[in-house]
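Readers should treat all values here as calculations from the given coordinates under stated rules, not as data from a laboratory. Values in this document were obtained by computation on a predicted structure and should not be read as measured data. Cβ placement follows ideal geometry from the backbone for every residue including glycine, while neighbour counts extend to all protein chains displayed.
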Amino acid sequence: MPTHLVWLRNDLRLSDNPALAAACRSGERIVALYIHETDDDMRAPGAAARWWLHHGLKALAGSLADIGVPLRVETGPARAVMDEVLRETGAEALHWNRRYAPADRRRDAEIKSALRDKDVTVTSYPGNVLVEPWDIETGQGKPYSVFTPFWKSLKEQHIDQPLARPSRRGDKIKAPAIDTGYEQPHWADKLVPYWTVGEASAQERLDIFLDQQVAGYPRDRDFPGVDATSRLSPHLRFGEISARQIWHATRAHAHAHPDKAAAIEKFLSELAWRDFSHHQLYHRHDIRQVPMQRKFQDLSWRKAPEQLRAWQMGRTGIPIIDAGMRELWETGYMHNRVRMLVASFLSKNLLIDWRLGEQWFWDCLVDADEANNPASWQWVAGCGLDAAPYFRIFNPVTQGERFDPNGTYVRRWVPEIAALPDKHIHDPSSAEADRLREAGVVPGETYPRAMVDLKATRARALEAFGALPSPG
């Protein structure tokens, strides 16, 4: 019987998986393949993502076994591995869902061309976006560079209904004892209490969010001490749920609950930001390295390794910054409002290259992907498309007072200052000596003094950014 090979990448699910669905429709024998690609131009997943992938592949192997499809996990250059697996399986057809990073597209095109020369049928399908990047453009036929008109256009696009989970196409098999190919980081066990990996968990997260949280989403989503967000981002990053599934399930929920329609519209606009990031990834140069606004190539970033390390470890002396960096280190995740604050602090107050922050996030976040991570960093640093203007520099103290007014978030992640009153929790330096003693806080000993003066470093950043040449 002929064999069809399904190459899985960022799509570790059975439902709404176009490549898997097409292979199942063929009626032929199917083998699923995941490759840990070691090509020189491949960006290897960070440590936290490797932990997620380790568990995600195990969950996927069990799901595939239920429909009679074995999963192989291999490591090596993609083309060499593919040639070997095709030779061993005798597969005559190959299916995959598309990816959009420049290096991935080059590699896929090379493999597709080489295999077609060998009479292997190769078919690719829409990837995990709402609309493929080339299917949405401005009235002038160009890529979008501003989100608001992109969002307006996206809402007018036809977004395919998600495909059903393939029905049993073969006898259930025993899930193979796969070697996921990754040694777990020594610190990985700390992530276990915070996440349940896999397609079933992703669907459960969506259901809980729609039933219990979405109504308050526009009001509460900026408050890190409130459980108000979906936390679907790592499931989306690995394709355990598709953007199309979220879009249509959410729209259906709005139809059934008209009182939630406005809140759901806000949530869907945030989902659209993910598509906008992939739009940038597809149409621009390597966005993890190249500023999307050319003038930022002339900016002289500071070399300050000790300050960078203090930022990474949550030892800056700015409570909400430290809370965010410690949440990241402990859980592999950070609330989105706080992501903006820590990125602004690094790239503007410290004037340290945003790419160093992007790389740290890449290694520590379970949801870091090739589009959202660099696009978001460029947005905050001011060098991205539709970016926050360079003179928008978040003040982490006033932001903390506004979005964590009772100090709930800071007290959880910076317990050494938890006994300070609310009025001082975001700025311990504002507390009198007796207040500090009562709270057991010894500046410079039990908790660092603020590593920089926010007003002075804001002025320094404005001078550096303002000196850049005007576009054109």
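Just add up the charged neighbours of Gly384: K/R +1, D/E -1, any other residue whose Cβ is under 13 Å from the Cβ of Gly384. If you can, show how the numbers build up before the last one.
Values: positive: Arg284, Arg288, Arg294, Lys295, Arg355, Arg392; negative: Glu358, Asp386.
Within the 13 Å Cβ shell, the charges total +4.
Tally Lys and Arg at +1 and Asp and Glu at -1 over the other residues with C-beta under 14 Å from the C-beta of Arg449: what net charge comes out?
Numbers: positive: Arg315; negative: Asp322, Glu416, Asp427, Glu445, Asp453.
It works out to a net charge of -4.
Show me the ranking of peptides 272-285, 76-89 by mean Cβ neighbours inside 10 Å, starting with the highest. Don't skip to the answer; put the middle values down first.
On the way: 272-285: 21.9, 76-89: 16.1.
Output ranking for 272-285, 76-89: 272-285, 76-89.
How much mean residue ellipticity at 222 nm does the chain get from its helices, if each DSSP H run of length 4 or more adds -39500 (n - 2.57) and you divide by all residues, to the nearest 500 deg cm²/dmol? Don't skip to the answer; put the middle values down first.
Numbers: 19 runs with 205 residues, N = 472.
Here the helix-only value at 222 nm equals -13000 deg cm²/dmol.
Would you list, by chain and number, the aspartates and glutamates whose Cα falls below 18 Å from the Cα of Lys190, excluding same-chain residues fewer than 8 positions away?
Here the aspartates and glutamates satisfying the reach criterion relative to Lys190 are Glu327, Glu330, Asp363, Asp367.
Considering the dipole of the chain built from charges on the beta carbon (Lys and Arg +1, Asp and Glu -1) around the Cα centre, which of Ala431, Val6, His283 is farthest to its positive end?
Farthest towards the positive end: His283.
Over 39 Å apart: what share of the alpha carbon pairs of the chain falls there, rounded to a whole percent? Could you put the intermediate results ahead of the total?
Values: 29153 of 111156 pairs.
More than 39 Å apart: 26 percent of the Cα pairs in the chain.
Sorted by packing (mean other beta-carbon atoms within 10 Å per residue), highest first, where do 138-146, 102-110 land? Walk me through the numbers before you get to the answer.
Numbers: 138-146: 11.9, 102-110: 15.6.
Top of the packing list down: 102-110, 138-146.
Provide the net charge surrounding Ile208, with neighbours chosen by a C-beta distance below 11 Å and charges set as Lys +1, Arg +1, Asp -1, Glu -1. It would help to have the intermediate numbers written out before the result.
Numbers: positive: Arg205, Arg231; negative: Glu204, Asp207, Asp211, Asp227.
Summing Lys/Arg as +1 and Asp/Glu as -1 gives -2.
Of Lys142/Lys260; Lys423/Lys455; Lys266/Lys455; Lys142/Lys348; Lys58/Lys118; Lys266/Lys295, which pairs sit farther than 26 Å apart, going by alpha carbon to alpha carbon?
Numbers: Lys142/Lys260 35 Å; Lys423/Lys455 20 Å; Lys266/Lys455 33 Å; Lys142/Lys348 31 Å; Lys58/Lys118 32 Å; Lys266/Lys295 33 Å.
Too far apart for the 26 Å limit: Lys142/Lys260; Lys266/Lys455; Lys142/Lys348; Lys58/Lys118; Lys266/Lys295.
Within 10 Å, count the other beta carbons around each residue, average over each peptide in 291-300, 198-207, and list them highest first.
Numbers: 291-300: 15.4, 198-207: 18.3.
So the order, starting with the most tightly packed, is 198-207, 291-300.
Please tell me the relative contact order of region 3-126 in percent, rounded to the nearest whole number, where contacts are Cα pairs under 8 Å and at least six residues apart.
That works out to 35 percent.
So for the pair Thr121, Ser153, with labels modelled 7 Å out along Cα→Cβ, what separation do we get in nm?
Inter-label distance under the simple model: 3.5 nm.
What distance in nm lies between label points placed 7 Å from Cα along the C-beta direction at Arg25 and Ala464?
Result: 5.4 nm between the two label points.
Provide the FRET efficiency to the nearest 0.05 for the Arg412-Val192 pair, computing r from the beta carbons and using R0 = 22 Å. Please list the in-between numbers first.
Working: r = 18 Å, r/R0 = 0.84.
About 0.75, to the nearest 0.05.
Less than 20 Å apart at the alpha-carbon level, and either on another chain or at least 8 residues along: which aspartates and glutamates does that give for Lys112?
Within reach: Asp11, Glu37, Asp39, Asp40, Asp41, Glu74, Asp83, Glu84, Glu88, Glu92, Asp104, Glu132.
Counting only DSSP beta bridges with both residues in the chain, tell me the antiparallel percent, nearest 5.
0 percent
Taking the Cα centre of the chain as origin and charging only Cβ (+1 Lys, Arg; -1 Asp, Glu), how large is the dipole, in debye to the nearest 20?
On the way: 61 positive and 63 negative charges, 117 e Å.
Value, rounded to 20: 560 debye.
Distance between the C-alpha centers of region 213-269 and region 319-373? Whole Å please.
One Cα centre to the other: 22 Å.
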